[in-house]
1. Across the range 111-131, what is the number of residues that are of a type outside the set (Lys, Arg) and in contact with a Ser or Thr (Cβ under 7 Å, 6 or more places away or on another chain)?
2. Please go through the range 355-394 and pick out each residue that is under 30 Å from residue 121 (Cα atoms) and among the basic types (Lys, Arg).
3. Against the definition (open to solvent by less than 40 Å² (accessible area, probe 1.4 Å), touching a residue at least 24 places away in the same chain (Cβ under 8 Å), over 23 Å from residue 68 (Cα atoms) and among the small types (Gly, Ala, Ser)), how does residue 254 come out, yes or no?
4. Against the definition (acidic (Asp, Glu) and farther than 23 Å from residue 402 by Cβ), how does residue 231 come out, yes or no?
5. Please verify whether residue 438 is in a loop (DSSP other than H, G, I, E, B) and either at pLDDT 95 or above or over 24 Å from residue 202 (Cβ atoms) (or both), treating the condition exactly as stated.
6. Return the residues of the range 318-341 that are open to solvent by less than 10 Å² (accessible area, probe 1.4 Å) and part of a loop (DSSP other than H, G, I, E, B); say none if nothing qualifies.
7. Among the numbered conditions (1) open to solvent by 20 Å² or more (accessible area, probe 1.4 Å); (2) modelled with pLDDT of 95 or more; (3) aliphatic (A, V, I, L, M), tell me where residue 313 comes up short.
8. So which residues in the range 354-390 are touching a strand residue (DSSP E or B) at 6+ places or on another chain (Cβ under 7 Å) and either closer than 30 Å to residue 133 by Cα or part of a helix (DSSP H, G or I) (or both), if there are any at all?
Amino acid sequence: MLDRQVNAAVLLACMVSSATAFVPSASNHPVRRQQQQEHGVRSTTTIFAPLQAASIETPPSPLTAWGDRISDIRKLQQEVKKQSIPEFGIELSAADVGIASDDTQAQLKYFQENAMDIKQKMQDHGAVVLRGFNLMKTQEGFQEFYNALGMKVCQDPLQSVSARPTADGKKDSPVYEAVNKESRKNFFIGMHNEFVGTRAPRAAAFVCFKAADTGGEFLIADGRRMFRDLDPDLVEELYQRNIRYSVMELPFFGWIDNFPEPIQGPIMAGIKGLVTAAINAKVDFDVEMLWGESGYDNTKMLQARAPKQPPIVVHPVTGEPTWFCNVHSHSSKLRKDRESIYGAERFEDGASQINKSDMFFGDDGNLSDEHLQHMDEVTMKNVRFVKMTEGDVVLLDNYKCMHGRNVFDGTRKHAVAWFEGWEGEEEMKKQNAKVEALAA
């Protein structure tokens, strides 16, 4: 019996080593220690799966811009409540600009000639929903679209820990699959900003190549309105205590309970050390492993937690405060609450069993059910369901605009390109600085 249990521990160690083999080595990330010194905060959604990798010729997703620490978060929120926030997620159609839906050359010319105006709309309104442009019905046309705008493509931020399949199956493609798997169709993807470990793209373009038969709407929410609408006491507590995520669960340790109690502690300590070393050697941010029990079946598990981070950041271009917190997608309680509506999550393979997340205060304290319910209500109040058809694109600012996906039936093919920035971004920063100086 003991021999079988020891063999299970060895098997687990091999499994962890094999899983992290799909993750880039820390030696490939020379910025890791420097960033840990410069920034005391991290976050991630970790997925360990042997999927198609992005081309190394595409630049990596940029480092997350956390911005300066806000000295009085409550006062700033009160000021934002008095301000008028621009309309969120405006729509722009080919018909609006007098171009036929099938005139792809005229559409490409329009995007080239109006690139700065469209990017400014993205900045002002958080997102721009483009409809009726047949140019973007193909991946080639979609790439021509964002190149015409001067968007600077980058790798998927998941590249720092694993990889996501590309839309066309080519390893050097800069266009990635969205979450289209049939096995995940009843999984409501909660609202989140895209960021992994030390990295977050500045912007993104989500495209529909084939709409689901029913459902599958792309969801967007304004981070500025989220910050404005949340309870001031909760905002202050979250900001002062920071937040941290659990990014992975290893729920394979029920067998430890079969050992005599005096030796369970040493076994757990040894496994924790082994797993911690294996994972931290492979990713470009520090992960802390903590023992706990699975929220699904109370099985003994190891939980990987990312370092703490602020839930609100200063926008890197406009300087506006914006909610930058993935509680809606990461909270295990909120996901379980959604199961009563959409059905249980279908964890059908090893990767999906591992990739479970949760959120805590930065000091590892638990958020109350009341806190989570309030954040869920404010989030859903600000969510907009965007029903996309073939060729529709949502161009969004990743710091201002959260995104998610509704449940669906039928075949769905959506894709995404991530951007490290865009041509004219520095000019926007300078213009905003001038406006702030005049207002001071």
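1. Matching residues across the range 111-131 total 1.
2. Here is the first cut: in the range 355-394, the residues under 30 Å from residue 121 (Cα atoms) are 375-394.
Matches in the range 355-394: 381, 384, 387.
3. On the way: open to solvent by less than 40 Å² (accessible area, probe 1.4 Å): yes; touching a residue at least 24 places away in the same chain (Cβ under 8 Å): yes; over 23 Å from residue 68 (Cα atoms): yes; among the small types (Gly, Ala, Ser): yes.
So residue 254 passes the test.
4. Working: acidic (Asp, Glu): yes; farther than 23 Å from residue 402 by Cβ: no.
Criteria not met by residue 231.
5. Numbers: in a loop (DSSP other than H, G, I, E, B): no; either at pLDDT 95 or above or over 24 Å from residue 202 (Cβ atoms) (or both): yes.
Judged against the criteria, residue 438 is not a match.
6. Correct list: 324, 325, 326, 331.
7. For residue 313, the failing item is (1).
8. 354, 379, 382, 383, 384, 385, 386, 388, 389, 390
The values are calculated or read from the model by the stated rules, or taken from the named source; none is laboratory data. Note that the structure is predicted; figures quoted are calculated from it, not measured. Note that we place each Cβ from the backbone using ideal geometry, even for glycine, and neighbour counts take in every protein chain shown. All accessible areas refer to the heavy atoms of the entire protein, side chains included, with ligands and DNA or RNA removed. Shrake-Rupley method; radii C 1.70, N 1.55, O 1.52, S 1.80 Å.
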